[in-house]
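The values are calculated or read from the model by the stated rules, or taken from the named source; none is laboratory data. Everything numeric in this text was worked out from a predicted model, so none of it was measured. Here Cβ is always computed from backbone atoms with ideal geometry, including for glycine, and neighbour counts include all displayed protein chains.
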Amino acid sequence: MNKMGWNRKKKEEAEEQDVAKQEESRQDKAAARRKRMKIVFLRNLAGVLAIMWMCIIFAFSAQTKEESGAVSNSFTYQIVSSTRTFFNLDLSDARVKEIADAIEGFVRKAAHMTEFGVLSVLLFIWIGQWEMGLLRRGLTASGAAAVYAATDEIHQLFVPGRAGRFSDVCIDSAGAVLGVVVFVLIVKLITAIRTLREKREARRLCKVQAEPVEQTQQTEEAAED
């Protein structure tokens, strides 16, 4: 192949590469648009779930003291009983009941923290559609959950046998803050792992693409000779 034919071939290859790049650019834009739509959908879904979760919390708070106690007693007993079965512990039913009664208060408080932790995470995801820093977003979500915790304790003042306590508001608020912190840490960890994998894949592709380039350069040098 003479030099003129070689130049024509290089020009055709360059045109093909330009067409491929344009097509790749269109595909990237379409993928980015689909990704944005998916994010908007998930954030709005989180807002709907947050409202539903608030209704569930309201329903639990509307239970009388006897109803709430029966639910927490049964739940705590099931936890201890399942632990006994899983670890094959030599515990009688009476001992299981005794342990369940001893830790019931802790389980109730942990359940309350979990309730408002979930609520704050849902709110955190939902308000992500507005432009704000990560810290402000977390404070807004946990603050909104803390306000709802206060209204929840006020609601319990009107439920027979129940009481509204400032200490419970503090516990629920702590759960809201903890929920956001744990969620952010998990997201950052997943993002870091994904970024590391993408960098490794990019380096691998660079090595694979570098080999044909070197071969082409060698061929050009041979043709010029």
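Values for this structure:
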{"quantity": "Residue satisfying condition, being hydrophobic (A, V, I, L, M, F, W, C), over 30 Å from the mean Cα position of the chain (by Cα) and surrounded by fewer than 13 Cβ atoms within 10 Å (Cβ to Cβ), within set ALA100, ALA163", "calculated": "ALA163"}
{"quantity": "Any hit, region 193-202, residues being part of a helix (DSSP H, G or I), surrounded by 13 or more Cβ atoms within 10 Å (Cβ to Cβ) and among the hydrophobic types (A, V, I, L, M, F, W, C)", "calculated": "no"}
{"quantity": "Tally of residues being buried (at least 19 other Cβ atoms within 10 Å of the Cβ) and either touching a Pro at 6+ places or on another chain (Cβ under 6 Å) or of a type outside the set (Val, Ile, Thr) (or both) across region 166-179", "calculated": "5"}
{"quantity": "Residue match in region 138-148 (condition: hydroxyl-bearing (Ser, Thr, Tyr) and touching a residue at least 60 places away in the same chain (Cβ under 8 Å))", "calculated": "yes"}
{"quantity": "Total residues in region 128-150, condition buried (at least 19 other Cβ atoms within 10 Å of the Cβ) and within 23 Å of ARG36 (Cα to Cα)", "calculated": "3"}
{"quantity": "In region 155-186, the residues that are out of contact with any helix residue (DSSP H, G or I) (no Cβ under 6 Å at 6 or more places or on another chain), farther than 28 Å from ARG137 by Cα and not aliphatic (A, V, I, L, M)", "calculated": "PHE158, PRO160"}
{"quantity": "So PHE116, is it of a type in the set (Phe, Trp, Tyr), crowded, with 16+ Cβ neighbours inside 10 Å and either in contact (Cβ under 8 Å) with a residue 12 or more places away in the chain or outside any helix (DSSP H, G or I) (or both)", "calculated": "yes"}
{"quantity": "Filter result for SER72 (surrounded by 13 or more Cβ atoms within 10 Å (Cβ to Cβ) and in contact with a Lys or Arg (Cβ under 6 Å, 6 or more places away or on another chain))", "calculated": "yes"}
{"quantity": "Lone qualifier among MET132, MET54 - being of a type in the set (A, V, I, L, M) and at pLDDT 90 or above", "calculated": "MET54"}
{"quantity": "In region 54-82, the residues that are in a helix (DSSP H, G or I), of a type in the set (A, V, I, L, M, F, W, C) and under 13 Å from GLY161 (Cβ atoms)", "calculated": "ALA70"}
{"quantity": "Subset of region 160-190 [over 22 Å from LEU135 (Cβ atoms), of a type in the set (A, V, I, L, M, F, W, C) and either in a helix (DSSP H, G or I) or in contact (Cβ under 8 Å) with a residue 40 or more places away in the chain (or both)]", "calculated": "PHE166, VAL169, ILE171"}
{"quantity": "Evaluation of LYS65 against (1) closer than 21 Å to SER120 by Cα; (2) touching a residue at least 40 places away in the same chain (Cβ under 8 Å) (one fails), failing number", "calculated": "(1)"}
